[in-house]
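Read the structure below first, then the notes.
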Amino acid sequence: SEAQTVSKDGAEKFDGAEKFLVRIMNAAGHTAGVGVLVGPRHVVTCAHVVNMALGRGQRAQDAPVTADVVTVEFPLLTDASCSVLTFSARVGCWIPPPKSGVAGDDIAGLVLDADPVSLVHYKKVIVTKGAIDKLKEMFA
């Protein structure tokens, strides 16, 4: 497991986070949100982040179609040419954001279209009981 430390400003920091933290990009190349690599090719993020990355309404309820592709970057890792590691991903699991308010599941499971290089390392995460069955379908 990754070591947890505290930085000088008192904020928690995880050593090795560059290996499992990702950002989800929109079509304009701006950050829509963040996610976590939780399996060899599996990323968990918020459904509203995927909606924003695809240019949909933040609270869109319908799952994106197979043809919808989002860009996933490992912003703290670079390849041999000093480019940020970038992958395409598709939605494999969808629990929509709440229709109103802030309470709700709001979970999306993404599947990278290619295997990440050996520089990355997935992180085990804890999810709510209500999401486990849906996530098992994707990560089984």
Condition first: assigned to a loop (DSSP other than H, G, I, E, B) and over 18 Å from Ala108 (Cα atoms). Now tell me which residues in the range 66-90 satisfy that. Asp79, Ala80, Ser81, Cys82, Ser83
Among the residues that make up the range 66-80, is at least one of them exposed (fewer than 12 other Cβ atoms within 10 Å of the Cβ), under 23 Å from Gly16 (Cα atoms) and modelled with pLDDT under 90? yes
Strands (runs of 3 or more DSSP E) contained in the range 18-65 and holding at least 1 residues open to solvent by 60 Å² or more (accessible area, probe 1.4 Å) and in contact with a strand residue (DSSP E or B) (Cβ under 8 Å, 6 or more places away or on another chain): 21-25, 31-37
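The values are calculated or read from the model by the stated rules, or taken from the named source; none is laboratory data. Worth saying up front: this structure is predicted, and the values here are computed from it rather than measured. Cβ atoms come from the backbone with ideal geometry, glycine included; neighbour counts cover every protein chain shown. For the accessible areas, the whole protein counts, side chains as well, though only heavy atoms, and no ligand, DNA or RNA atoms are used. Shrake-Rupley method; radii C 1.70, N 1.55, O 1.52, S 1.80 Å.
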